[in-house]
Structures are given as structure tokens and as C-alpha cells.
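Below: one structure, written as C-alpha cells.
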Amino acid sequence: MSKAHDMKGSLIFGAAYYEEYLPCDRLEKDMQMMKEAGINTIRIAESTWSVEEPRPGEYDFSHVDRVIDAAEKYGLNVIVGTPTYAVPHWLVLLDPDVLAETAHGKNRFGPRQNMDITNPTYRHYAEGIIRALVSHTAGRPNVIGFQIDNETKHYGVCGKRILGLFQEWMKKRYSSIEQVNKALGLNYWSGSVTSFEDLPDPTGTINGSYACEFEIFRRSLAEEFLVWQSDIVKQYSRPDQFITQNFDFQWKSFGAPGQQDGYSFGVQPDICHYDASRAVTLMGTDIYCFDQDALTGREIAFGGDLIRSVRQENYLVLESQAQAFKDWLPYPGQLRQMAWSHVASGACGVMYWNWYSLHNGLESYWKGILSHDFEPNPTYLEVKETGEELQRLGSALSCLRKENRIALVVSSEALSAMDRFPTDKELCYNDIVHWIYDALYKLNLECDVIFDKEKDWDRYDLLIFPELYCVREEVISHVRTFVENGGTVFASFRSFFADEHCKIWHDKQPHDLTDVFGMTYNQYTRPVNVTVDGREASYWMELLKPEGAETKASYQHKYWGSYAALTRNAFGKGHAWYLGTMVPEDQLQEYLLEAAADAGILPETDLRYPLICRNTVDKDGRRIHFLFNYSSDDQSITCPWNGEDLLTGKQFVIGQSLSLPDWGVVILKENADD
């Protein structure tokens, strides 16, 4: 048997593989085809608890052993997943309360992720399968890591027992029930109580503060669950084996009419990636996106920027699409472009879901690399081309880092608050986040996506706050200090409006920052027939009153025309911008460019979407620029740097014409002496 790959100094390239689902024995053939395609890693076991433990306490890892053996023979590494996200029926028969109660009623057996992750019976048997599987596989030389659970969240769990856990959590969080009543405003509509044991079921509450507190608690359940699993795995895993989790995002159809619903869109509401990151040694993620004419690269960039920024480390894409839905079949060149897009955001590897298309079950038409006939197809051939490139360039591109000077600040608490107090029934929090992120992306102004809990802001020159509605006093103080010391901030409407309990501040808005922004307001409305700089304002408008700030834009309206829509204020050594309404993307881009200039940040090139440039630094300190053409038209640009295209070996000099074909990629490494 040949040894599996040593992944140090190379890129992971692979797919999920479930021999348990195969309609025939083709393990050897699959391994041969993977090897030929440049695949070096497979992910197994996370979906088949009922096969691995057909009866309570009776373990059968024959499929796991067969696949690991075959992978080792063909030089492939393996990531073993704990199979705890899909419970076997025998477990539900043992204890029906394993199935979660949600606001919609009691879950039924059938779907995945239908369980109560806090249920004692579930935890008991989950611990058993984790210990048995990990101890059985940790000693295998080609097992390089473990994935704990799968796209973990709290799954909307509630009910009497969860209420009891919530009450105990509240006791630790607050010194007295009187403090709870005051902090959350429970006097409203007779919501106040006299003991922690009397706190009511939050699923029916009309109190947004109380509802958001419950969401913080439920996110903490998911975090604790992952830490619990990680602690078990660490008892058996080797020091050279990583522990990861495939964190996913809020899924929503947005910006592509007529397309299949669902893709990796925004901040996840049901677990906080920042808090849960302590459970893993390698951040992992699932990132899906539209392709064909709707491929823009923005979902790949956003997901990567958020997951990477949580720890400022490289991360692993554990799931990305190959063929997937009927309207997601990629055009030629797109699969290759998407893989390099992940690497350009800081990914240490890309894996597909799935290797082959399933022949039964819910995901039968979520197609894998191979179609149902298992034959080579254009997708497989493009994976093969991509695998060859990743294999050839892996040592040069395995430890790329980003040095972004802009950060977009997001918040799990603000997301929950906006569910209760939406800016508009047509908008969610992530719509506002992407409104700003996408504008930056299309300008080629790269940014990190950080949580408001992050305390290290010194690496940035520009901080952007999209609808940071509820905020702790320490964050307010942090903003003040950042601007005083020379930083630039850009805040959207509805920022700094409420405290961490989602209770609105009772002083001038924005809370304790009126001098920093040099303006205030106390009225807002929906803009109707209102323009800003000649273009339509939409959804929300705050009537800003400058108090020392420069008015950069005003509302054009008979009655609202005396109010500012955009202000800029010099404070300390820095600047603070505030936008009181939603404007078209091209107009927002103009404002963001001005704010970036205040921070001393100018785009390195004049490239604009669909031409995207993602910048990295390699382990030797050399700058590497990934140039993408996200369009079906061939493009030609003037080369901005002296360097070599790593894909072709061709040398370029500044000012030379550089061609980017449709859905094309150029990876330009700057010359050492530049």
C-alpha cells in the first residue's frame, strides 16, 4: 500500500464519499477515478449512524474500514465525521423525546437535524458512537482529521425542559429577577415576574428583548454541543489530526429571480460562528452559490471572508457544489473558477458534495461530480483539470494570508433583533449586510467580516457597521477610541440604537456617539418620492440633523429637504460617516470610495465587477493576485503588476495587455524585486 498524502504544504482537494449509499460495489473504481482527478481527500461517515450502530451499543464499522483501507491504498487522506446529525429510528423508539419540540410542534422521524441536542438519551448514545468511531479510526495514518456533527445549529428547540434550562441560564446571567425585569422591560403588557422559575415560554412572547435573550441562549446550546463533541474527540485524536466543523450560513434566495431557492447568503442566525469557533482547531465551512449566468463570486467571497476572519486563519471548504440542482449545472470553466475563488479568500482546500449522485432519498437530484451512471462527464473532466492545477500549485498557495485594511462588523444579536424589528417586511438583516458587502466586493475593496465581539480592531483603517442595531457600551467606547486614534468608520441607518438587551437607548441617537458622528436625529420614516443626489431612497430614512458634521448628501423632498441623508465628521484624528437611508448600489459605492479615501485606502486597480481581484500574501511574503472574470464575455485588462501567471508560467509587465476569457482565472505572483 502507498502512503496517503502529507497535507503540509499542499491544498486539500476532495469530496464527500458514502459507500453505504452505493447501489453496487465500485469502491476500487471510485478510488481510481478520484486519484486520476487529483483528489487527495475524502470525507466519510457523518451521515450514517444507523449503519454504524444498527442496534443500541452494537457497532459495525465495516464500511468505514473498507473505505479507509481503499483510500490508503490509493494515497488518499480521510476526514471522519461524527454521525450525530441524523438519528437512527431505534433511538427515537427508545425515547420519543429525542425528537425536538419546536414552535411548530413536535418533530417527526424522517428528516435530519430533527433532534433535541440537549436530550439526555440523545447525548448518551451520541457519546457512545463518537467514542467508538473516533477510537476506531484515530490510529489510521491517513485519517487527517475529524468533523464534529454537520452544519450544527439549535434547530428551533423549545418546550418545557428547554424552558427549565433557559431559566437556569438566566440565573447565571443576571443577579436577580428584578434586574431581568428592568433590563428586558418585562413590565410591558404585564410581562414581569417575581422569580426565575416563573419566566414564561419565550416562543410566544411579544417582547423583543426577551425573545432575543432566548436566541442568545439557544445559540449557546449549539456552541456547547460542539465543544462537548470536540472534548470527546480530543481524548482519542492525534496531535497532527485537526478537528473541524462545516459551519454554514443563512440561506435565502436573493438577487437571482427564477433561480432555485437557497444558497450561502449571510450571517447564520442559529449559531454564532465566533463563539462556536472554540470547538475546532480548523475552521470549516459549507459554501454554495448560484452558477451559470448568476455566478458572481460574492457568496464565495463573503463566506470565506467571515469564516477566515473569525480566527484570522486559513479554513477548509468542506462542501461546495459540483452539479447540484438542474439550474446549477456549471458552464464550462465555472467549476475551476469557483475552486480558485475559494483559495483566493484564504481556503486551504476545497471539497465537493458529493462524489456521485445519489440514487434514492431527498438529495437524489442534488447531483455530485459523477452523475447517476458513474461515467466521466464534463464536470468530472473539469474537476480533473482543477485537481491537476491545485496539485501542481499546492505548495506555492497552501498558506496564503490576507492583509485587509477594511472590516465589516456583523452581530448575531443585531440579526435576532432585526427579525423582531425589521427595517422593512421585504428586508432581513443579511440583506443590509450584503447591500454593503456586495458594493465593496464589486469595487475590489476587500474586507474582513468580523463579529462585534472581536476586540482587535487595530489592524484596520476602516470599520463599516451595517445596521448594528443593538450594541454593548464597550463597543460604543471602542468606536469612539478607534476614530479618535485616526480610524474611519462608516455606519448605516439603525446603528447604535439599542443596548445589548435590545432595549432602545433613551438619549440622543446614535447613542453616546453624537459628537463622534457630529449629528443626531429623533425622527425617521419610509421614503416616498424621496431622492438623494437624484437617485431614489428606499425602505427607511432617518432625518439627520448635523451638529458639526459636513452634509455630504441631503434628501430631495418638499418636506424632508432640510435634513441630511449622509454626513461626514472629523473627530480626533479620524472621520465618522453616517448614512441614514438605503440608496442604489452604485451610489453606495461612491460613498464607500470616499470613506475609504479618508482612511487612506484606494483601490489598487480600476477594475470593477465582473472583473474581480482578490489579493493575498504567500508564506515568503510575496504578493499574489487572483484575477477573475465573472462573465460570459472575454475581457482584456491592462496588467497592474510585474509578475508571473502561475497557471500558465507567462510573464507580465505593468501596462501589458492581459486577457481573461469567459469565466477565466489568472493567478499573478509579483516579481521578488517589485
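Values computed for the structure shown
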read-out: Cut-off under 5 Å, modelled amide H: who pairs with residue 552 long-range; value: 566, 567, 568
read-out: Proximal aspartates and glutamates to residue 552, defined as alpha-carbon separation beneath 19 angstrom and excluding residues fewer than eight positions away on the same chain; value: 515, 533, 536, 542, 585, 586, 590, 594, 598
read-out: Shape of segment 160-200, Cα gyration tensor, a/c cut at 1.5; value: oblate
read-out: Modelled FRET efficiency - R0 41 Å, residue 132 with residue 167, Cβ distances, 0.05 increments; value: 0.75
read-out: Charge-dipole axis of segment 406-598 as Lys and Arg at +1 and Asp and Glu at -1 on Cβ define it, positive-most pick from 575, 520, 560; value: 560
read-out: Relative contact order, percent, segment 406-598 [alpha-carbon distance under 8 Å, six or more residues apart]; value: 21
read-out: R0 of 35 Å, Cβ-Cβ distance residue 531-residue 103: FRET efficiency to nearest 0.05; value: 0.25
read-out: Label-to-label distance, nm, for residues given as residue 508 and residue 593 (7 Å Cα→Cβ offset); value: 3.3
read-out: Unit charges at the beta carbon, dipole of the chain: most positive-side option, 450, 27, 96; value: 96
read-out: Phi to ³J(HN,Hα) by Karplus 6.51 cos²θ - 1.76 cosθ + 1.60 over segment 32-43, Hz, x for Gly, Pro; value: 4, 5, 5, 4, 5, 8, x, 6, 10, 8, 10, 10
read-out: Relative contact order %, segment 160-200, counting alpha carbon pairs below 8 Å whose residues are six or more apart; value: 44
read-out: Set of aspartates and glutamates with alpha-carbon distance to residue 503 below 13 Å, sequence-local pairs under 8 removed; value: 213, 413, 473
read-out: Rounded to whole Å, sorted largest first: equivalent-ellipsoid semi-axes of segment 319-471, Cα gyration tensor; value: 35, 23, 12
read-out: Contour excess over end-to-end distance, with Cα ends at residue 60 and residue 522 and 0.36 nm allotted per residue; value: 159.8 nm
read-out: Helical mean residue ellipticity (222 nm; -39500 (n - 2.57) per DSSP H run of 4+; nearest 500) of the chain; value: -9500 deg cm²/dmol
read-out: FRET efficiency estimate (nearest 0.05) - Cβ-Cβ, residue 160 to residue 194, R0 25 angstrom; value: 0.80
read-out: Full-stretch length increase - residue 653, residue 405 - with 0.36 nm per residue and alpha-carbon distance subtracted; value: 86.7 nm
read-out: Within the chain: Cβ-based charge dipole about Cα centre, in debye rounded to nearest 20 (Lys, Arg +1; Asp, Glu -1); value: 640
read-out: Vicinal HN-Hα couplings computed from phi for segment 239-248 (Karplus, 6.51 cos²θ - 1.76 cosθ + 1.60; Hz; Gly/Pro x); value: x, 8, 9, 8, 10, 9, 8, 8, 4, 10
read-out: Amide hydrogen neighbours beyond the local backbone of residue 43, cut-off 5 Å, H modeled; value: 15, 16, 17, 79
read-out: Residues of type lysines that residue 558 reaches as a straight line, Cα spacing below 24 Å, ignoring anything fewer than 8 places off in the same chain; value: 545
read-out: Segment 406-598: Cα Rg divided by the 2.2 N^0.38 Å rule of thumb; value: 0.93
read-out: Exceeding the 25 Å Cα-Cα cut-off - candidates 326/442; 160/252; 153/234; value: 326/442; 160/252
read-out: Contact order normalised by residue count of the chain, Cα under 8 Å, 6+ apart, percent; value: 10
read-out: Two-decimal Rg/Rh across the chain, once Rg and the Kirkwood Rh are taken from alpha-carbon atoms; value: 0.98
read-out: Least to most buried among 328, 457 (fewest other Cβ within 10 Å first); value: 457, 328
read-out: Volume in Å³ per residue [convex hull over Cα atoms, computed for segment 611-670]; value: 70
read-out: ³J(HN,Hα), Karplus 6.51/-1.76/1.60, whole Hz, each residue of segment 407-422, x for Gly, Pro; value: 10, 9, 9, 10, 8, 5, 5, 5, 4, 4, 5, 6, 5, 8, 10, x
read-out: Cα centroid separation, segment 284-352 to segment 521-562 (Å); value: 38
read-out: 5 angstrom amide H check on residue 266, placed H, neighbours 5+ away; value: 250
read-out: Contour minus Cα-Cα distance for residue 86 and residue 313 (0.36 nm per residue); value: 78.7 nm
read-out: Signed unit charges on C-beta, dipole axis of the chain, positive-most listed residue 49, 191, 504; value: 191
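No lab work stands behind these numbers, since they all come straight from the coordinates. The structure displayed is predicted, hence computed values, not measured ones. Cβ: placed from backbone, ideal geometry, glycine included. Neighbour counts: every protein chain shown.
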